[in-house]
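The values are calculated or read from the model by the stated rules, or taken from the named source; none is laboratory data. Every value quoted in this text rests on a predicted model; they were computed, and no experiment measured them. We place every Cβ from the backbone using ideal geometry, glycine too, and count neighbours over all the protein chains shown. Each accessible area value is taken on the protein alone, full model and side chains, heavy atoms only, with ligands, DNA and RNA left out. Shrake-Rupley method; radii C 1.70, N 1.55, O 1.52, S 1.80 Å.
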Amino acid sequence: MAAPPPAVTSLAELYAAHRMALVRLAVLLVDDVASAEDVVQDAFAALSARPTALRDPRAALAYLRTSVVNGARSALRRRRTARGYRPPHDTGPRPPDDHLLLAEEHREVLAALDRLAPRQREVLVLRYWSDLSEAEIAAACGISRGAVKSTASRALDALERILTTPEEER
């Protein structure tokens, strides 16, 4: 049976006593020593901002473990996002006239987006700019998938009305 951890009274002692075990935990979660060390360092930095957590050393260690697990999840999420990024397809230079027309269309669409309700704008931007799925949008906005569908539909209808209404009537 393992001996109980020694009593820790300061952040420096906590760091010296548990840093390596937390790094090993993080390595198992992120599979990269440098990232694991960063995650652990961030956990200790967050703990140093909460001096009341050191009143009970067991609570401080539990806080650090939770912080390491959450930090590892965030690191993996960032990796997955970076790996999933595909740069836009470059079709080569456009003729100057096309660029001017496209720029004007973009300005009109952006101005129309500004006129939408905030949630409608969020859903459209997440769907068509960030290319997120309905489930991802629902999670990001804290709404149901059905709400994402209905909001996107209403937002597209409103956007179409705004863009097809003559400017003097807007």
Probe radius 1.4 Å, ligands and nucleic acids ignored: give me the carbon and sulfur share of the accessible area of the range 112-170 as a rounded percent.
48 percent
Calculate, in nm to one decimal, what R154 and E167 gain on full extension: separation in residues at 0.36 nm each, minus their alpha carbon distance.
2.6 nm
Which FRET efficiency value, to the nearest 0.05, is calculated for E136 and A46 with the Förster distance at 41 angstrom and r the Cβ-Cβ distance?
0.95
Measure off 7 Å from each Cα along the Cα-to-Cβ vector at D38 and N70, then give the distance between these two points in nanometres to one decimal.
1.9 nm
Expressed in nm to one decimal, what extension gain is obtained for the pair W129 and A82 from 0.36 nm per residue of sequence separation less their Cα-Cα distance?
15.3 nm
Probe of 1.4 angstrom, ligands and nucleic acids ignored: what's the accessible area per residue over the range 111-165, in square angstrom?
62 Å²
Using R₀ = 22 Å, calculate the FRET efficiency as 1/(1 + (r/R₀)^6) where r is the Cβ-Cβ separation of A62 and R19; round to 0.05.
0.90
Nearest-0.05 FRET efficiency for L28 and A111, computed from C-beta distance (R0 41 Å):
0.25
